[in-house]
Amino acid sequence: MNQIEQLIQHASAIEAKLGYAFKDHSLLALAFVHRSFINENRDITQHNERLEFLGDSVLGMLISDYLYRHLPSTPEGQLSYLRSRLVEASSCVNYIQALNIGNYLLLGKGERMNDGRGRESILADLFEAIIGAIYLDGGIEAARHFLFKNFTKQIEMILATPLRNWKAILQDYCQKKYQQTPLYNVLQESGPDHSKVFQISVLIQQQELGRGMGASKKEAQQAAAADALSRFNLPELFP
């Protein structure tokens with residue numbers, strides 16, 4: 001019995017955590033197959049990147065629909081920003097960690113040993129792949145039910161967080177305290193072309209202040225700036 005078949009044997013345990021029962025268990029299994037796994041298991045020919053591509057679009061559409069209906073007076077630009085926060089890599093990592101199913105991922109040896117930020121991007125991809133698999137198996141309403149049954153609380157918490165330009169706030173803080181502006185360095189760029197993940201560090205006086213990840217350099221810079229600011233004693237920002 002190969003590892004795909006073993007994963008399918010655990011389908012009921014995974015489905016219980018997802019709150020969705022698959023008609024086609026091969027779709028569920030495929031969502032958990034990372035590219036690194038098939039590089040070391042030549043009898044396996046498919047990985048989850050196509051499902052991730054589909055799930056990324058389905059997630060964006062579902063979140064857009066939710067924001068449109070629940071925030072009827074919010075302008076388009078702010079809706080776009082809110083959507084980006086709800087679908088960004090760090091949010092997807094939080095969603096998948098809440099389900100506690102990352103241990104079912106089929107990874108190559110090198111990725112299994114990686115517990116850092118590269119692993120976070122893999123978890124974000126897994127979340128999108130699961131949404132893609134549910135969409136193919138049960139349609140858009142099944143995907144909608146999965147998303148909002150499991151994550152409405154997290155979504156509402158993100159929406160309740162004040163909108164801030166962390167990068168501008170950090171720049172102002174550093175100019176006043178250090179008489180310098182922070183510098184941002186790209187640490188890593190990973191993922192397929194349709195779903196890049198950038199990891200960026202922010203430095204002042206050649207010292208790293210924080211790190212962030214996102215689907216664009218701008219998004220990752222904002223996350224890095226927020227991470228840096230959280231390390232300072234600034235109760236007006238982080239009460």
In percent, how large is the relative contact order of region 3-160, given Cα pairs closer than 8 Å and 6 or more residues apart?
35
Taking the Cα atoms only, what angle lies between the long axis of helix 140-160 and the longest principal axis of the chain, rounded to 10 degrees?
20
One would report the antiparallel percent of DSSP beta bridges in the chain, rounded to the nearest 5, as 95
Using r as the Cβ-Cβ distance of Glu141 and Glu208, and R0 as 30 Å, what FRET efficiency do you calculate, to the nearest 0.05?
0.10
Mean-position separation - Cα centroids, region 176-201 and region 135-167, in angstrom
25
For every helix of n ≥ 4 consecutive DSSP H residues, a contribution of -39,500 (n - 2.57) applies; sum these over the chain, divide by its total residues, and give [θ] at 222 nm rounded to the nearest 500 deg cm²/dmol.
-19000 deg cm²/dmol
Please report, in Å, the Rg and the Dmax of region 37-160, where both are computed over Cα atoms only.
15.6, 53
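Calculate the dipole size of the chain relative to its Cα centre from +1 charges on Lys and Arg beta carbons and -1 charges on Asp and Glu beta carbons; express the result in debye to the nearest 20. Don't skip to the answer; put the middle values down first.
On the way: 24 positive and 26 negative charges, 132 e Å.
Dipole about the Cα centre, nearest 20: 640 debye.
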Between helix 166-178 and the chain: long-axis angle, C-alpha atoms, 0 to 90°, nearest 10
40
A convex hull over the alpha carbons of the chain yields, per residue, a volume in Å³ of 134
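Could you report the chain's accessible area per residue, 1.4 Å probe, as an integer in Å²?
Working: 12540 Å² over 239 residues.
Spelled out: the 1.4 Å probe surface of the chain, per residue, equals 52 Å².
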Averaging over every viewing direction, what projected area does the convex hull of the Cα atoms of region 166-232 cover, in nm²?
4.0
Within region 60-96, which residues have the backbone N less than 17 Å from the label spot 7 Å out from Ala160 along Cα→beta-carbon, could you tell me?
71, 86
Too long for a 29 Å Cα-Cα cut-off, among Lys177/Lys217; Lys109/Lys167; Lys149/Lys218; Lys23/Lys149; Lys109/Lys149, are Lys109/Lys167; Lys149/Lys218; Lys109/Lys149
Taking only the alpha carbons of region 53-97, what extent do you get along each of the three principal axes, in Å, biggest first?
32, 19, 15
Using R₀ = 35 Å, calculate the FRET efficiency as 1/(1 + (r/R₀)^6) where r is the Cβ-Cβ separation of Asp172 and Leu79; round to 0.05.
0.85
Any idea what the dipole of region 139-239 comes to, in debye rounded to 20, about its Cα centre with Lys/Arg Cβ at +1 and Asp/Glu Cβ at -1?
120
When the accessible area of region 3-160 is split by element with a 1.4 Å probe, what percent falls to carbon and sulfur?
51
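The values are calculated or read from the model by the stated rules, or taken from the named source; none is laboratory data. Owing to the predicted nature of the structure, the values given are computational and were not obtained by experimental measurement. Neighbour counts are summed over all protein chains in view; Cβ atoms, including those assigned to glycine, are modelled from backbone coordinates with ideal geometry. For the accessible areas, the whole protein counts, side chains as well, though only heavy atoms, and no ligand, DNA or RNA atoms are used. Shrake-Rupley method; radii C 1.70, N 1.55, O 1.52, S 1.80 Å.
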